[in-house]
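Working notes for the structure below.
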Amino acid sequence: MSQFKKIITLLGTLSYLLAATHKQAALTVRAEQPASSNKITIYFFYSKTCPHCAKEETFLSSVLQKYPTVNLRKFEVGSNPQNAQLLFKVSQKMGVNKQGAVPFTVIGDQYTLGYYDDQTTGARIDQLIQIALTKGCHDLVGSIISPQITPAHPDGSCQEQNHSLASGLDKINLPLVGEIKIKDLSLPALTITLGLLDGFNPCAMWALVFLIILLLDIPSRSRRWLLGSVFIFISGLVYFLFMTAWLNFFLFVGFIKLIRIAIGIAALGISGYNFFDYWKNKKAVCKVGNPEKKKQTLERLKKIVKEQSIVLSLIGISFLAFVVNLVELICSVGLPAVYTQVLSLNHLPAWEYYLYLIIYIFFFMIDDLFVFFAAMITLHVMGIETKYARYSRLIGGAVILIIGLLLLFKPEWLMFA
């Protein structure tokens, strides 16, 4: 009988332990599962021409099956001005630097910008969904669409303490290479190529060459370097400001389909002009401005260089560089506009946009720098041969033709980043 009691006691103890373990496991599972009573809405801003948007849209379809209480609202911004305006309002409200970029996904009061793959950006979205379901976050976009909406948790925020997923979205692992940052060599290559082609421009070279001829007659070596350097610096600065204006314009409206089509058509026209100029303009002379205007500019150069006051000389050189480069902008026939349109299609931090512009300007000015430094060192003017300027027209025409066709038919191929 005592043996029987021992067996009963042992079975009872095991049953109690199993029940306690099961209860603890159930509590653990319930603690890990998000509260299904909270219903949330995912706001997905996208464009039909964006390949990253298509990847995320496929992922979000699986999310809806995984979370029955999650609702998805989609806003196509490429062809719908109202949706585009809403995107700007939401981006501004959330303090997003890259306003207007897609895909842009909002969950509660948190967002993701861009989409890499399901394991990185997708995991981040899944994490935000679980937090929102558990905590009940403020529906920020819903309050913008309908201000009368009262959030279930007015003080609730989707922001979590662990940002490990968010910080790893800009890196990938490649076989034999390891972890690298997401960079695409195509955009830097395009930047350098178009910058070089844009630089072989006869419209400003004549002014620089004539300026150097005048500078070589100045006995003061430091004055020669100073005036020439200021001319080149102001030339680059004017071009940079011009391209910055184009870039900001395209960042504001560049994702609108009609703008992209217009730039694509313009690119085809520019390429046609370059091909025509290659065959007809064998001397590669600047056709912008008449000879009388150029003569007046050269006379001004003589007066500026011979000015006794260095301050007045610097002011005069700066003003002349500004005027000459305004003429050069016309002679470029839209290359900067086409490049900045392509640049705006890529989702980059603000500083990276301007870094690309600086790289473009550097290679744009490299022929001027070569001529200037060679002249200052050798005291002899070395010009760029006509055939190189002509060939730049031919190559530039081919590159712009390809870009124009891609803008019209395959814009996603230009989204390098």
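The values are calculated or read from the model by the stated rules, or taken from the named source; none is laboratory data. Bear in mind that the values here come from a model prediction, so they are computed numbers and not experimental data. Quick reminder, even Gly has a Cβ in these numbers, built from the backbone with ideal geometry, and neighbours come from all protein chains shown.
Please report, ordered by residue number, the helices (runs of 4 or more DSSP H) entirely within segment 42-141 with at least 3 residues that are touching a Gly at 6+ places or on another chain (Cβ under 9 Å) and closer than 24 Å to residue 410 by Cβ.
In segment 42-141, the matching helices (runs of 4 or more DSSP H) lie at 51-66.
Determine whether residue 115 is of a type outside the set (Lys, Arg), under 23 Å from residue 349 (Cα atoms), assigned by TED's automatic domain parsing to the domain that holds residue 136 and touching a His at 6+ places or on another chain (Cβ under 8 Å).
yes
Give me the residue from segment 344-391 that is small (Gly, Ala, Ser) and at pLDDT 75 or above and, out of that set, surrounded by the fewest Cβ atoms within 10 Å (Cβ to Cβ).
If we take residues in segment 344-391 being small (Gly, Ala, Ser) and at pLDDT 75 or above, then 350 is surrounded by the fewest Cβ atoms within 10 Å (Cβ to Cβ).
For segment 57-81, what are the residues that are of a type in the set (S, T, N, Q) and within 23 Å of the chain's Cα centre (by Cα)?
79, 80
Give the residue, chosen from 142, 156, that is surrounded by 14 or more Cβ atoms within 10 Å (Cβ to Cβ), small (Gly, Ala, Ser), at pLDDT 75 or above and not assigned by TED's automatic domain parsing to the domain that holds residue 348.
142
Run down 65, 85 and say which single residue is under 21 Å from residue 142 (Cα atoms) and of a type in the set (S, T, N, Q).
Just a single option satisfies the conditions, and that option is 85.
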